[in-house]
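The values are calculated or read from the model by the stated rules, or taken from the named source; none is laboratory data. What you see is a predicted model; the values in this text were computed from it and never measured. Every residue, glycine among them, receives a Cβ derived from its backbone with ideal geometry; neighbour counts consider all protein chains shown. The area values use the complete protein model at the heavy-atom level, side chains included, leaving out ligands, DNA and RNA. Shrake-Rupley method; radii C 1.70, N 1.55, O 1.52, S 1.80 Å.
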Amino acid sequence: MAYVRAAVVREPGGPFAIESLSMRGPEPGEVRVRIMAAGICHADLIARDQMYPVPLPAVLGHEGAGIVEECGSGVQALAPGDHVVLGFAYCGRCASCLQGFPGTCEHTAALNFGSERPAAEQPLSDSAGTISSSFFGQSSFAEYAIVAEHLAVRVPRDIPFELLAPLGCGVMTGAGTVFHVLDPRPGSSIAVFGAGAVGCAAIMAAVIAGCTTIIAVDVNPRRLEIARECGATDVLLATDDVASAIRDITGERGVDAGLDATGIAAVFPVLLQSLAVRGHAALVGAPPPGDLAHIDLNPLLGRGVRISTVLEGDAQPQVFIPELARLLASGRLPVDRIVSTFPFERINEAVAAACSGSAVKAVLRVANRPA
Ligand SMILES: [Zn+2]
Ligand SMILES: [Zn+2]
C-alpha cells in the first residue's frame, strides 16, 4: 500500500476535498499511472450530483494523462515510462466492443460508474473502508490511477499532458462524432450547438474534414469567440430564431450536418429544423433522464433526415487517441485554444470555472514533473 493524494467527493453535490488515501498496487493486467494532468468533464459533475449512481465517497475524473510507473504481471502493450492518455472503460468482449464500438459497450454503465468492480478491488481506501475509485476505469482526480492495460493509450512523449488529457473524453467525443458518424463531405455545412469542449472539438474536426460553413450556436458570447478561434465560420447567440438564422446563412437550404452537445432537451428539435434535405443530426449531450423533446415527425420524414445518438465519438480509443495526438502535434487540432489549467489543489475553483463557462475545458495540473 502507498499513500496518494486524491480529490474525494463524500456527499451528493459536495465539494472535492484533497485527502491522503491508501492505494493498492496493480493486479495482473493493470498498470499504475502517475497522473500528470486531468480534465474536468460534465460527467464528473453529474456523478458528483448523483445523476449517475457512483457510490460515495468517490474519486472522480475521467480525462487523465500521465506516465506509466508500474505494470502488473502479464502486461504486454505498456512499459514504465510510457506516456499515456486514459480512455473510458469497456469490456472488450461484448458484441458492440467486438464490432469496434466500445463506446456502446453493453457493460458501459457498470464499468464506467464503478459499480461493477467489487469493493475489495477498488484501488483506493481510507481508514473507514474502500472509496469508489474506478470511475470510467481510472478515477484520475488523484496523483495515481490503477487502470486496466487496454484503457491506457500510449502517445508520443513530446506533447504537453494538459493538452493530451482532454483527448480521453471531450475531444474524442466531439471530433469522433464528426469523423466517425457525421462524416461530412468537403465543402459541406455543419451546425454545432453548444460551444463547450465537445462542440469546439467538433468544430476543429469539421475544419479538418473540409466543411466550408461551420456554424457555432451558444448562449455565451465568450464561448462563441473561442468557437471562431477553433474554426467556426459563423456564430449565433442562441435565441428563439436560430433555425431561421441557420437557413439565412445557408441560402435557405439548412445545414448538411448538425451536432447537439448542449444536453438541453429543447435544443435538439431546433437542430432538426435546421437540417437540409437528407441532413444528419447527432445527439451527443445527455439531457437529464425524463426530459422530453417535442419533435414534429412528419416534415422530417419528407426530408429524409438521419438521426444518430453517439457515445464517446463512436471511437475505438486505442486507434483514435493516437490519431488525435498526431493531429494535435501537427497543429491541426488546436486544443490549446480551449484549455485553461488549474493547480490540482484548486480543483473546486476549476469546477466553478467549468460550470460558469469561463473555462471551456478546465484541466488540472496534478503533477508538474515526473517523480
Ligand atoms: Zn463491451
Ligand atoms: Zn467526459
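Electrostatic bookkeeping for residue 162 treats Lys and Arg as +1 and Asp and Glu as -1; over the other residues with beta carbon under 11 Å from its beta carbon, the sum is 0. Shape call for the range 174-311 from the C-alpha gyration tensor, a ≥ b ≥ c root eigenvalues: rounded (a/c under 1.5), prolate (a/b greater than b/c) or oblate? Note, shape of the range 174-311 comes out rounded.
Each peptide in 347-353, 138-144, 182-188, 71-77 was scored by the mean count of other Cβ atoms within 10 Å over its residues; highest first, the order is 138-144, 347-353, 182-188, 71-77.
Taking Cα centre as origin and charging only the Cβ of basic (Lys, Arg, +1) and acidic (Asp, Glu, -1) residues, the dipole magnitude of the range 165-310 rounds to 320 debye.
Scalar couplings 3J(HN,Hα) for the range 340-345, obtained by applying the Karplus form with A = 6.51, B = -1.76, C = 1.60 to θ = phi - 60°, are 10, 9, 9, x, 3, 4 Hz; x denotes Gly and Pro. When both the range 325-364 and the range 219-291 are represented by their alpha-carbon centers, they are found 23 Å apart. Once you have a ≥ b ≥ c as the square roots of the Cα gyration tensor eigenvalues for the range 1-134, tell me rounded if a/c is under 1.5, and otherwise prolate or oblate according to whether a/b is larger than b/c. Oblate, since a/c reaches 1.5 and b/c is not below a/b.
Put the Cα centre of the range 76-129 next to the Cα centre of the range 17-36 and the gap is 14 Å. Under the criterion of Cα pairs below 8 Å and six or more residues apart, the relative contact order for the range 174-311 equals 22 percent. Nonpolar atom fraction for the chain, defined as the carbon and sulfur part of the 1.4 Å probe accessible area, stands at 53 percent. Per-residue ellipticity at 222 nm from helix content only, as computed over the chain with -39500 (n - 2.57) for each DSSP H run of at least four residues, stands at -7000 deg cm²/dmol.
If contacts are Cα pairs under 8 angstrom and at least 6 residues apart, what is the relative contact order of the range 70-146 in percent? Write out the running numbers ahead of the final one.
On the way: 90 pairs, mean separation 16.5, N = 77.
In percent, rounded to a whole number, it is 21.
Sequence-ordered 3J(HN,Hα) estimates for the range 234-239 from the Karplus curve with 6.51, -1.76 and 1.60 and θ = phi - 60° stand at 9, 10, 10, 6, 4, 9 Hz, glycine and proline given as x.
Averaging the sequence gap over all C-alpha pairs within less than 8 Å and six or more residues apart, then dividing by the number of residues, gives the chain a relative contact order of 18 percent. Note on the range 174-311: dipole from Cβ charges, positive end direction compared against 244, 196, 212; the farthest Cα belongs to 212. Legend: helices of the chain (whole DSSP H runs) are marked when their alpha-carbon atoms reach 20 angstrom or more along the helix axis and their mean Kyte-Doolittle hydropathy is at least 0.0; nothing is marked.
Solvent-accessible surface of the range 9-167, averaged per residue with a 1.4 angstrom probe and all protein chains in place: 37 square angstrom.
For the peptides 289-295, 47-53, the ranking by mean Cβ contacts within 10 Å, running from highest to lowest, is 47-53, 289-295.
A simple charge model with +1 on the Cβ of Lys and Arg, -1 on the Cβ of Asp and Glu and nothing else charged puts the dipole of the chain at about 520 debye relative to its Cα centre.
Proximity of backbone amide H atoms, modeled 1.01 Å from N, is registered between residue 124 and 131, 133 at under 5 Å, excluding neighbours fewer than 5 places apart on the same chain.
Of the peptides 15-22, 265-272, the order by per-residue mean of other Cβ atoms within 10 Å, starting with the highest, comes out as 265-272, 15-22. The overall shape of the chain is prolate: from the C-alpha gyration tensor, with semi-axes ordered a ≥ b ≥ c, the ratio a/c is 1.5 or greater and a/b exceeds b/c.
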